[in-house]
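Let me begin by presenting the structure, written as structure tokens, before commenting on it.
The values are calculated or read from the model by the stated rules, or taken from the named source; none is laboratory data. Computed from a prediction, not measured in an experiment: that's the story for all the values here. For neighbour counting, all protein chains shown are included, and Cβ atoms are generated from backbone atoms with ideal geometry for every residue, glycine included. Ligands, DNA and RNA are excluded from the accessible area calculation, which covers all protein heavy atoms including side chains. Shrake-Rupley method; radii C 1.70, N 1.55, O 1.52, S 1.80 Å.
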Amino acid sequence: MKKFVSSFRRFSYRPSRISIDAHRFYCDRPHSSLPRNPGPLAYYKGLVNQGKLQHDPYQEKVAFELENLLGRLERYEKDMEDYHANLTKWEENRAIERRRLLMEEAEAKQRGVFTAVNKRRSLFHRWMTRKQPENVEPGVGKWVSYLNREKKLDVLVGKRPTAPPAPKGLYLYGNVGSGKTMLMDIFYSATEGIVKHRSRFHFHEAMLQVHDLMHKVWKSQVEEKSLRSSISNWVMNLPFDTKIKEWLAAEEKYQQEMQMNNILPVVADKFLVDEQGHQKGARVLCFDEIQTVDVFAIVALSGIVSRLLSTGTILVATSNRAPRDLNQDGMQKEIFLKFLDSLEQHCENVLIGNEIDYRRYIAQRSIDQVHYFWPLDRVKIKEFENKWDMTIMQTGGQVSSQTLPVMFGRTLEVPESCNGVARFTFEYLCGRPVGAADYIAVAKSYHTVFISNIPVMSMRIRDKARRFITLVDELYNHHCCLFCSASSSIDDLFQGTEEGTLFDLESFQFETETEGGKLRRDVLAEGSVSSGGTQTGIISLLSGQEEMFAFQRAVSRLIEMQTPLYLEGVRNLHPYFKSRQQSYEVLSANALQF
């Protein structure tokens, strides 16, 4: 008991003068106001020298590449600040000149002159301005008018400023537990204080955010379309006839529709910008576990990542597969090939070629604390219950139910929770229509999670197995402390039962989601998420090999989550403690003012 109390006290809140901003224990760094942090290579070597990591030549090579990339970022950040300043000035001048051109055209129309400047008309212009037959598409005239105006603006204001060439990012791939995520997070932490716009996403979280942004952009388009149906106030106040005002309003509407025609670039432009949107500079995107599990993932990755890369964003990504092996099912081949071309142009591919699962290696070298109780017999169940009781006693609060807000305006009922600790059954979290958005909400809200009655996975409960893997991913990504009671050891959890194994390739290959037939426009209008945990309307085409990667990753992470190296980082890295740390710093700063 004393050993447990001592262990759990690491999770109790203790104010510190050092602010932590990191995603793994490996990346636990001081605040950027302190002297510059060591680069990825020096930090990696430090962990090896301290005995926390075993030296690996592949990992050291990646750390060296990340070190070089970091060295190029400071200059690039300054270049991007200058570029964004020029871009802002160019956009302002172009908007002013465009309004002036519209006014000149409106005045000409008011006088009954249908040519913009010259009285002599070219054959093409006379053909375009003649009375159109009834069967001509109305938008053709607006399209030509829009293009002509854009050409004039290019002459008057100049072409859009060109972004400075960005340093190539890195695409890291290799086996489960080879250190990809660790190295990426070391780099991400090192960019603090160097790059203003930086984000780190896991695949599930990124896809949910993309889906959320798509819904918001779609909704804003509908609202703007409704607002633009009437003549704008600034047009109403102009000294023109009603027909001229209607023409002017129609030209404005068409120009805005042209800008909003493609939803993915608009979403991409919002993906990495801070809430205020005032700071300009370089952008770094760290993307953990790139996958192409369905059509939506391919389309979203191609549209958004390609847009970000083409506008100067630096990508550091991890995956179990090389880029050209991502889409083995051949979905949306043309779109996928464009995505590959963008990756090859903007990223170096680096294989972490070892066959060792270093999570398992670290676990073997350390004395694991008992957080995983098996089998489900009377003795182990009693030990699990004692851990829960002692944990609640340490929190000093009362157990109660809680309603947790989830993305897209939904909620999740938490049956038992107390001061950052929550308890669920496997069936409650994985046997019901919940998914990644719910698991992210749980992982962000609770630093310690208890899950009871985890069964051995088989094809009979393959949907539950997928949900459990997603749940483990999110608890791991947010650095939660996890306690489990299960029917088998971690290594045997996904080996199947007498009813059959879990690796039935044919069943996995052609299985689809329940609501797979729903159209994307319906999804955007509803802003909903399917019961399967992925976006509604997406057909899942996971191959058996992809599933096997996911199972192996879940086993590897469950093992690491019991090691002291992982558990020591919970208090510094989990959002629950980081938010309290920030609140403490605000209170301290306010107190100093008095």
To the nearest 20 debye, what charge dipole does region 360-499 have about its Cα centre, counting +1 at the Cβ of each Lys and Arg and -1 at the Cβ of each Asp and Glu? 180 debye
Can you tell me how region 335-424 classifies by the Cα gyration tensor, rounded, prolate or oblate, using a/c under 1.5 as the rounded cut? oblate
Between Ser220 and Arg580, what length in nm is gained on full extension when 0.36 nm per residue of separation is reduced by their alpha carbon distance? 126.2 nm
Rounded to 0.05, the calculated FRET efficiency for the beta carbons of Arg432 and Leu101 at R₀ = 60 Å is 0.55
Provide the gained length on full extension for the span Arg378 to Asp341, in nm with one decimal, where the gain is 0.36 nm per separating residue minus the Cα-Cα distance. 7.6 nm
In the structure displayed, which of Lys270/Lys444; Lys270/Lys333; Lys245/Lys338; Lys382/Lys464; Lys216/Lys243 lie more than 32 Å apart, Cα to Cα? Lys245/Lys338; Lys216/Lys243
For Lys270, what accessible surface area do you get with a 1.4 Å probe? Give it in Å², rounded to 10. 110 Å²
On full extension of the chain, what length is gained from Gln110 through Val144, given 0.36 nm per residue of separation minus the C-alpha to C-alpha distance? 10.2 nm
Quick one: putting +1 on the C-beta of Lys and Arg, -1 on the C-beta of Asp and Glu, what dipole do you get for region 272-426 around its Cα centre, in Debye to the nearest 20? 140 debye
Taking Cα atoms only, Rg over Rh for region 379-432 with Rh from the Kirkwood formula is 1.04
Would you grab the residues whose amide H sits under 5 Å from the one on Asn349? Only those 5+ places off in sequence or on another chain, please, with H modelled 1.01 Å from N. Tyr171
Please calculate how many Å² of accessible area region 392-470 carries per residue, with a 1.4 Å probe and no DNA, RNA or ligand atoms counted. 38 Å²
Dipole check, region 344-440, charges on Cβ (K,R +1; D,E -1), about Cα centroid: among Met407, Phe424, Ile356 the Cα furthest to the positive pole belongs to Phe424
What is the Cα centroid distance between region 371-409 and region 149-206, reported in whole angstrom? 40 Å
Among 313-323, 387-397, the order from most to least packed when residues are scored by Cβ within 10 Å on average: 313-323, 387-397
Estimated FRET transfer efficiency when R0 is 25 angstrom, pair Asp491-Asn386 (beta carbons, to 0.05): 0.50
Between Gln364 and Gln54, what is the label-point separation in nm under the 7 Å Cα-to-beta-carbon projection? 0.6 nm
Please work out the ratio of the alpha-carbon Rg of region 315-379 to 2.2 N^0.38 Å and round it to two decimals. 1.84
Just the accessible area for Phe373, please: 1.4 Å probe, Å², rounded to the nearest 10? 10 Å²
Could you give the nm distance between label points at Trp90 and Ser310, where each point is 7 Å from its Cα heading toward the beta carbon? 1.5 nm
